[in-house]
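The values are calculated or read from the model by the stated rules, or taken from the named source; none is laboratory data. Quick caveat: nothing in here was measured; it's all calculated off a predicted structure. So basically every Cβ, Gly included, is an ideal-geometry build from the backbone, and we count neighbours across all protein chains shown. Each accessible area value is taken on the protein alone, full model and side chains, heavy atoms only, with ligands, DNA and RNA left out. Shrake-Rupley method; radii C 1.70, N 1.55, O 1.52, S 1.80 Å.
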Amino acid sequence: MSVSDLPKVELHLHFEGAAPPEFIRQLAFEKKIDLSRIFAPDGSYAFENFVHFLQVYEAATSVLQTPEDFARLTRAVLEESATNGVVYTETFLSPDFCGGGEVAAWREYLHAIRETADRAEADLGIVMRGIVTPVRHFGPQQARRTALCAAETAGDWIVGLGMGGDEGKGKQGDFAYAFDMAREAGLRLTTHAGEFGGPDSVRDAIRDLRVERIGHGVRAIEDPALVEELAARKITLEVCPGSNVVLGLYPDMPSHPIARLRDAGVPVTVSTDDPPFFHTTMRREYDMLAAAFGWEEDDFLALNQTALAAAFCDEDTRARVKTKLEKT
Ligand code: ADE
Ligand code: ZN
């Protein structure tokens with residue numbers, strides 16, 4: 001058996017970013033929207049750098065216009081994840097792209113997504129939970145609206161708030177109000193930090209947003225005292241190695257800091273971020289890590305236990321997923 005055959009827990013997956021290009025092309029065709037500019041000649045998504053990636057991402061997302069579109073996306077994404085052996089996926093969902101940040105509309109989109117996810121759990125065995133995502137470059141005011149959507153739907157399925165978007169825009173602390181609202185509603189918290197921002201962005205996230213996980217966080221490696229703090233406080237990193245290499249943070253997988261962070265005692269997990277954009281899958285991430293660092297089955301089993309412990313789901317769900325991980 002290869003390590004990529006193991007059952008997997010994924011904690012960091014952008015829902016729209018998981019849409020296969022052919023899925024987006026089909027919706028564009030049905031809705032008569034010209035999206036040819038975002039595709040390369042081979043049909044994959046085409047972008048030059050991180051900010052351009054975010055623009056292409058939002059252009060692709062523009063064809064997702066109704067709850068029914070999101071129901072179809074849910075099925076496509078969960079089929080692909082299940083094919084990759086993922087048994088539990090925490091996915092970033094944006095009310096901004098599901099009704100423009102308005103609570104009543106968001107509820108309708110969420111209903112369609114959940115219903116499809118429940119069916120997929122029954123027939124594919126994959127468990128999905130949602131993390132509501134403010135988009136950082138839409139600004140703090142819009143983030144409050146998004147956080148209100150999150151607070152109004154918080155429960156056993158919407159389990160967290162996690163900010164994505166352009167880390168170059170504003171400061172983590174500008175979004176403290178949105179994160180406070182979510183915390184008061186009982187949601188667990190994460191934010192992208194230390195991806196395109198440096199170690200200070202990770203420090204700001206911990207201090208100003210009081211998050212318990214960090215999306216990426218890999219640039220903490222540039223600050224040994226911060227690495228020690230992450231290890232001591234057991235702050236889990238949602239590391240997306242393939243994404244980081246494609247977006248140019250590191251030239252290749254052996255240069256990626258995930259192994260050094262892990263060896264320093266930081267809880268690290270592995271996810272795909274936006275798999276078709278970065279030509280990756282969970283299987284491929286495992287294979288690339290095994291090749292780059294010589295990681296073996298035990299390393300990946302431990303990685304999944306770390307991810308399961310850091311998952312934002314309730315304890316019943318965690319116990320159910322644990323049994324799925326044990327069925328190797
Ligand atoms: N949104 C989708 N993918 C992202 C990433 N890698 N960083 C920040 N925001 C994102
Ligand atoms: Zn991300």
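Among the listed pairs 8/234; 234/327; 8/169, a Cα-Cα separation exceeding 23 Å is found for 234/327; 8/169. The alpha carbon convex hull volume per residue for the stretch 92-168 rounds to 80 Å³. In terms of Cα atoms, the Rg and Dmax of the chain work out to 18.2, 53 Å. Charges were assigned to the Cβ only: +1 to each Lys and Arg, -1 to each Asp and Glu. The resulting dipole of the stretch 159-288 about its Cα centre is roughly 300 debye. Amide H to amide H distances under 5 Å link residue 86 with 8, where only residues 5 or more positions off or on other chains count and H is placed in the peptide plane.
What the chain shows is 39 Å² of accessible area per residue, with the surface traced by a 1.4 Å probe over protein heavy atoms. Shown here for the stretch 222-323: trypsin sites (Lys or Arg not before Pro) in loop regions (DSSP other than H, G, I, E, B) with at most 15 other Cβ atoms within 10 Å, namely 234.
Just want the answer: with Cβ charges of +1 for Lys and Arg and -1 for Asp and Glu, which residue in 62, 142, 126 is farthest toward the dipole's positive end in the stretch 34-171? My answer, from the dipole projection, is 142. Given C-alpha coordinates of the stretch 204-328, what is the ratio Rg to Rh with the Kirkwood estimate of Rh? The Rg/Rh ratio comes out at 0.96. Evaluated on the stretch 1-151, the Kirkwood hydrodynamic radius is 16.2 Å, with distances taken between all distinct Cα atoms. Carbon-plus-sulfur fraction of the accessible area of the chain, 1.4 Å probe, in percent? Carbon-and-sulfur percentage of accessible area, whole number: 50. In this simple spin-label approximation, residue 48 and residue 184 carry label points 7 Å from Cα along the Cα→Cβ vector, and these lie 4.4 nm apart. Under the convention that each Lys and Arg Cβ holds +1 and each Asp and Glu Cβ holds -1, the size of the dipole of the chain around its Cα centre is about 420 debye. Here the 3J(HN,Hα) profile of the stretch 39-50, calculated from phi with Karplus coefficients 6.51, -1.76 and 1.60 at θ = phi - 60°, is 10, 7, x, 7, x, 7, 5, 10, 8, 9, 7, 4 Hz, Gly and Pro shown as x.
Beta-bridge orientation, the chain: approximately 5 percent antiparallel, per DSSP, counting only bridges with both partners inside.
Secondary-structure-derived ellipticity at 222 nm for the chain, considering helices only, amounts to -14000 deg cm²/dmol, per-run term -39500 (n - 2.57) for DSSP H runs with n ≥ 4.
For trypsin sites (Lys or Arg not before Pro), the sites in the stretch 1-96 that DSSP calls loop and that have at most 16 other Cβ atoms within 10 Å are 31, 32.
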